[in-house]
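See below for the structure under consideration.
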Amino acid sequence: MLRTTPATREFTDAPVPDAVIHRILDRARFAPSGGNRQGWRVVLLRDPTIRRRIQELYDLGWREYMAHVDAGLVPFAPDEHGRWNGPAVDLDAARRLPRPNAFTDSLDKVPVLLLLIAQLSVLACVDNGLGRQSIVGGGSIYPFGHNILLAARNEGLGGVLTSVLVRQEPAVRELLRIPEDHGIAGLIALGHPVRTVRKLRRRPVEQFTTVDRFDGPAFDPGRS
Ligand SMILES: Cc1cc2nc3c(=O)[nH]c(=O)nc-3n(C[C@H](O)[C@H](O)[C@H](O)COP(=O)(O)O)c2cc1C
């Protein structure tokens, strides 16, 4: 299943029964988290008016993202010292430029939309204060997010975990009454996939695993 769970962004109109959504979440909840604090919250987005607003806000984040891609930049990436130095593109201008995209433009019609929220005050961010981009906090939330995708796959569904909506967090916070000590981790779209699974493109183990040193020899069981 790990090899065959792609990012699915095209769905049929077939609805997903509540019992299936519940089963997916019921399986995903066995994800690990720092100190087993389980600081995730999920908001199932159903109201068409709220969905439309979420689509508009997602689109703004998508525009910001694409402005970086067009400039040949990794969107919102830290610098070579692992720190973020502010926007690398003009974000106001980026938000004004429409970026037609089939998934973005029909986001409000996706069969299931789950907003993934993290309670920040229970995240053990053990890399805080290292003077670089923090990573560890998200590790207490995203395994749960990926479990949702795996559990959905197990139900014959496809989906994608998205992040660009986070760019508009203040507006989403107000819209959905999200408290200050919570942050948006992502928006998960689920539904019946239009296409069957294709082969996923991923780097081989030897390309990202070395022995004893970061610059040590590639881990290759066939050679040792
Ligand atoms: C943290 C994270 C953020 C992502 N954000 C978005 C997003 O905002 N929009 C989107 O369409 N896909 C998003 N994705 C999906 C990735 O683009 C996708 O996982 C990747 O391209 C691999 O796709 P594949 O499994 O189909 O090969 C995100 C994935 C992750 C893990």
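Brief remarks follow.
- Every residue from the stretch 98-112 that is more than 13 Å from the ligand (Cβ to nearest atom) and either surrounded by 18 or more Cβ atoms within 10 Å (Cβ to Cβ) or part of a loop (DSSP other than H, G, I, E, B) (or both): P98, P100, P111, V112
- Here E10 fulfils each of the conditions (1) touching a Phe, Trp or Tyr at 6+ places or on another chain (Cβ under 6 Å); (2) within 26 Å of Q168 (Cα to Cα) apart from (1).
A quick yes/no check of all residues on (1) buried (at least 19 other Cβ atoms within 10 Å of the Cβ); (2) farther than 20 Å from G39 by Cβ; (3) away from the ligand (no atom under 11 Å from the Cβ):
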| residue | (1), (2), (3) |
| --- | --- |
| H146 | no, no, no |
| D181 | no, no, yes |
| R198 | no, yes, no |
| R203 | no, yes, yes |
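- Lone unmet requirement of (1) on the phi > 0 side of the Ramachandran plot; (2) touching a Gly at 6+ places or on another chain (Cβ under 6 Å) for G131: (2)
- Unique match (being within 24 Å of R53 (Cα to Cα), assigned to a helix (DSSP H, G or I), within 11 Å of the ligand (Cβ to nearest atom) and at pLDDT 95 or above) among L165, L161, L187, L175: L165
- Filter result for the condition that a residue is free of Cβ contacts under 8 Å to residues at least 40 places away in the same chain and among the basic types (K, R), over R195, R173: R173
- Filter result for L116 (under 26 Å from D181 (Cβ atoms) and within 11 Å of the ligand (Cβ to nearest atom)): yes
- Number of the exception - T210 against (1) within 12 Å of the ligand (Cβ to nearest atom); (2) touching a Phe, Trp or Tyr at 6+ places or on another chain (Cβ under 9 Å): (1)
The values are calculated or read from the model by the stated rules, or taken from the named source; none is laboratory data. Small disclaimer: the values here were computed from a predicted structure and weren't measured. Using ideal geometry, Cβ is built from the backbone for each residue, glycine included, and neighbour counts are taken over all protein chains shown.
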